[in-house]
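Worksheet: one structure, shown below.
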Amino acid sequence: VSTSGGAPKRLGDVMAHDAAWSPGGQSLVYARGEELYLSSGDGGQARRLATTPGRAQWVRWSPDGRHLRFTLIDAKGNRRSLWGVSADGTDLHVLPFQWDGERPQECCGEWSRDGRYFVFTAFREQGADLWEVDDGGILRRAARKPKRLTSSSFDSVVGVPSADGKKIFAVETRGSLQMFKYDPR
């Protein structure tokens, strides 16, 4: 759909539950079931990019267009983890984070505009927090220790770095319960 209005236009024969255009819009990556596909920006010339060990969601391109990251929901335990793959379909792997203690469930990652930082959500028993890893340097596959960005946990939180890289915008939820007395009269 054009941002100025008008009728929606179908993208080729794409059937997907998630999709993202590459930087510049020349390519489209989309997820269908347990597979990632790559097509031209208009949805044509599709080919299978990778088969994943679960359902891929929240697919994001690196700013240089060479890598993809996504949330993987495994079919057995419904656990979420962050995965990466090269834009040519090689090097499919779970992101090698160094956690203190048990690895939390991870999701919903976003790169900073310059590609140096990767911000994501991690869920533990006490709730969700925003974390980041410094993705600078040439060893993208090297294990990195995430740094916690939030000081208290939420029911849910998702963050997106600002265009200038100086802020993170977040949407969060916190549950609260209230008791009400109902008088049927």
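Taken together, the values in this text are just the output of simple stated rules run on the coordinates, not laboratory data. As the structure is a computational prediction, the values presented were derived from the model and not from experiment. Positions of Cβ are backbone-derived with ideal geometry, glycine not excepted, and every protein chain shown enters the neighbour counts.
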_Inter-label distance, nm, simple model (7 Å from Cα along the C-beta direction), Thr90/Ala163_ = 3.6
*Quick one: among Arg55, Arg69, Arg124, which has the greatest mean-square fluctuation in a GNM of the chain with alpha-carbon springs under 10 angstrom?*
Arg124
*Ratio of Rg to Rh over the chain (Cα coordinates, Kirkwood Rh, two decimals)*: 1.04
*May I ask you to list the chymotrypsin sites (Phe, Trp or Tyr not before Pro) in the range 73-116 that are in a DSSP loop and have at most 14 other Cβ atoms within 10 Å of their Cβ?*
Trp99
*For the chain, with only Lys/Arg (+1) and Asp/Glu (-1) charged at the beta-carbon, what is the dipole magnitude about the Cα centre, in debye rounded to 20?*
120
*asked:* Among Ser2, Gly24, Ala46, whose Cα projects farthest towards the positive end of the dipole of the range 1-125, with charges put on the beta-carbon of Lys, Arg (+1) and Asp, Glu (-1)?
replied: Ser2
*Pick out, in residue order, every one of the GluC sites (Glu not before Pro) in the range 63-132 that is DSSP loop and has at most 13 other C-beta atoms within 10 Å; say none if there are none.*
Glu102, Glu125
*Dipole of the chain (Lys/Arg Cβ +1, Asp/Glu Cβ -1, origin at the Cα centre): which of Ser112, Gly77, His67 lies farthest to the positive side?*
Gly77
*Stretched out fully, how many nm does the piece from Arg103 to Ser151 gain, at 0.36 nm a residue minus the Cα gap?*
15.4 nm
*Using only the alpha carbons, work out the radius of gyration and Dmax of the range 32-92 in angstrom.*
11.6, 35
*Under the classification rounded if a/c is under 1.5, otherwise prolate if a/b is larger than b/c and oblate if not, where does the range 66-143 fall, given a ≥ b ≥ c as square roots of the Cα gyration tensor eigenvalues?*
oblate
_Relative contact order %, the chain, counting alpha carbon pairs below 8 Å whose residues are six or more apart_ = 11
*Only Cα pairs under 8 Å and at least 6 apart count here; give the relative contact order of the range 1-43 as a rounded whole percent.*
31
*If the cut-off is a Cα-Cα distance under 17 Å, which lysines reach Lys167, setting aside same-chain residues fewer than 8 apart in sequence?*
Lys147
_Residue by residue through the range 151-165, what is 3J(HN,Hα) from phi via Karplus (6.51 cos²θ - 1.76 cosθ + 1.60, θ = phi - 60°)? Round to whole Hz and write x for glycine and proline._
9, 9, 7, 10, 5, 7, 7, 9, x, 9, x, 5, 4, 8, x
*asked:* Between the range 46-67 and the range 85-116, how far is it from one alpha carbon centroid to the other, in angstrom?
replied: 12
